[in-house]
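Undergrad: Before I ask anything, here is the structure I am working with.
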Amino acid sequence: MEKGSRGPAVNLILAILAVYAREVVDTSLHGIDCDGIYGDTGVHWMRNLQNLAELEVDGGCGPQTREYLKERYHFDFEAAARAMGGTNVFVQPDGTEIIWSPNLVAKPRLSKY
């Protein structure tokens, strides 16, 4: 999941980042809005989290970061996204977009903008 990703599952990551930001800066003035869009503020806090956790700092939410979130916050993104439902657009590192829903039976459509 990279900048520009959108949908209900994105709010899950934004909510975890808001919890993290409150821990780090001890304030609710972190600027994270759970609006379903993974934008500059989400990327900023993800980079901050990755740096502090000594992960690869790319601002995305790849496998290594998701595993860290599972260990540190007991947050399983894949399970939560499946349970949440809805349709999401996940931007990939190469710029392609995967349209994903837990209800999809067919292979997700790939599009590049």
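Undergrad: Output the 0 to 90 degree angle, nearest 10, between the alpha-carbon long axis of helix 40-52 and the longest principal axis computed from the alpha carbons of the chain.
TA: Approximately 60 degrees, to the nearest 10.
Undergrad: Pairing the Cα long axis of helix 63-73 with the longest principal axis of the chain, what angle in degrees results, from 0 to 90 and rounded to the nearest 10?
TA: For 63-73 against the chain, the angle is about 50 degrees.
Undergrad: What is the Cα centroid distance between the stretch 89-104 and the stretch 25-70, reported in whole angstrom?
TA: So the separation of the two Cα centres works out to 19 Å.
Undergrad: Sorting Y68, Y73, Y20 on the 10 Å Cβ count, fewest up front, what's the list? Each step should come with its number before you reach the end.
TA: On the way: Y68 17, Y73 12, Y20 21.
The order, fewest Cβ neighbours first, is Y73, Y68, Y20.
Undergrad: Using a simple spin-label model with points 7 Å from Cα along the Cα→Cβ vector, what separation in nm is obtained for E56 and A83?
TA: The two pseudo-label positions are separated by 2.9 nm.
Undergrad: What net charge is computed for the residues neighbouring T65, neighbours being all others with C-beta under 9 Å from the C-beta of T65, Lys and Arg scored +1, Asp and Glu -1?
TA: Details: positive: R66; negative: E56, D58, E67.
So the environment of T65 carries a net charge of -2.
Undergrad: Where Lys and Arg each count +1 and Asp and Glu each count -1, what net charge lies around V43 among other residues with Cβ under 15 Å from its Cβ?
TA: Numbers: positive: K3, R6, R47; negative: E2, D33, D35, D40, E56, D58.
Result for the local shell: -3.
Undergrad: Beta carbons within 10 angstrom, averaged per residue: use that to sort the peptides 8-19, 84-95, highest first. Don't skip to the end; give the middle numbers.
TA: Details: 8-19: 20.4, 84-95: 15.0.
Order by mean packing, descending: 8-19, 84-95.
Undergrad: Given the Cα-Cα distance of V25 and I98 and 0.36 nm per residue of separation, how much length would full extension add, in nm? Working shown, then result.
TA: Numbers: separation 73, 0.36 × 73 = 26.28 nm, distance 3.35 nm.
Result for the pair: 22.9 nm of gain on full extension.
Undergrad: With θ set to phi - 60° and the Karplus curve 6.51 cos²θ - 1.76 cosθ + 1.60, what are the ³J(HN,Hα) couplings of the stretch 2-8 in order, to the nearest whole Hz, using x for Gly and Pro?
TA: 10, 3, x, 5, 8, x, x
A short reminder: the numbers here are calculations on the coordinates, not readings from a lab. The structure displayed is predicted, hence computed values, not measured ones. In this analysis, Cβ positions are derived from the backbone assuming ideal geometry, glycine residues included, and neighbour counts consider all displayed protein chains.
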